[in-house]
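Peer 1: Shown below is the structure under consideration.
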Amino acid sequence: MEMSQADILFRLFLSVLLGGIIGIERESVNRPAGFRTHVLVCTGSTLTMLVSIYMFEKYRALTTMDPARIAAQVVSGIGFLGAGTIIRVGPTVKGLTTAASLWTVGSIGLAIGSGFYVAAVVATLFTFLTLISLSRIENLI
């Protein structure tokens, strides 16, 4: 079953929207990976999943392709991008939360690309609430 052009456009739009929500929070606290980076990671992850599904549908009669194989590389690839946001400043390490948010946004993009919309929206909500509320609790402690 081929995916419609409207469905592809919706998934890509949703990835820009949900990735942007997390990115705006990171941007608002002046982190090195902000709005644009999070949007690009989410959109790229969504596109990777869409390509995986497309290739599976197109070539499944010719081979035993696993559509998750290409998408699985997003998880490790985002790890390298996240590592670039982590720096050591004296005795402390900064950027771990931004690295984790990039990894999460990559996963949200994969969920959107595979049509798992409810999980993507709920994960975005939980991630946003975690970044907003738990930082306030940390500041109180």
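The values are calculated or read from the model by the stated rules, or taken from the named source; none is laboratory data. On a predicted model such as this, the values are computed, not experimentally measured, just so you know. FYI the Cβ positions are ideal-geometry reconstructions off the backbone, even for glycines, and counts take in every protein chain you see. Areas reflect the complete protein model, heavy atoms only, side chains present, ligands, DNA and RNA absent. Shrake-Rupley method; radii C 1.70, N 1.55, O 1.52, S 1.80 Å.
Peer 1: Under 10 Å, Cα contacts only: if you run a Gaussian network model on the chain, which one of PHE126, PHE13, PHE35 comes out with the highest mean-square fluctuation?
Peer 2: Most flexible of the set in this elastic network: PHE126.
Peer 1: Tell me, what is the per residue accessible area of region 26-135 in Å², probe radius 1.4 Å?
Peer 2: Each residue of region 26-135 exposes 58 Å² on average to a 1.4 Å probe.
Peer 1: Checking understanding here: applying a Kyte-Doolittle mean of at least 0.0 and a length along the axis of at least 27 Å (C-alpha), which whole DSSP H helices in the chain pass?
Peer 2: Answer set is 5-28, 35-59, 117-140.
Peer 1: Any chance you could check the Cα centroid distance between region 48-75 and region 113-133 for me, in angstrom?
Peer 2: Between the Cα centre of region 48-75 and that of region 113-133, the gap is 24 Å.
Peer 1: Still on this model: Quick one: with all protein chains in place, what share of the accessible area of the chain is carbon or sulfur, to the nearest percent (1.4 Å probe)?
Peer 2: Here carbon and sulfur together make up 69 percent of the probe-accessible area.
Peer 1: Next question, about the same structure. Assigning unit charges at the beta carbon (Lys, Arg +1; Asp, Glu -1) and nothing else, what dipole magnitude in debye, to the nearest 20, does the chain show about its Cα centre?
Peer 2: 340 debye
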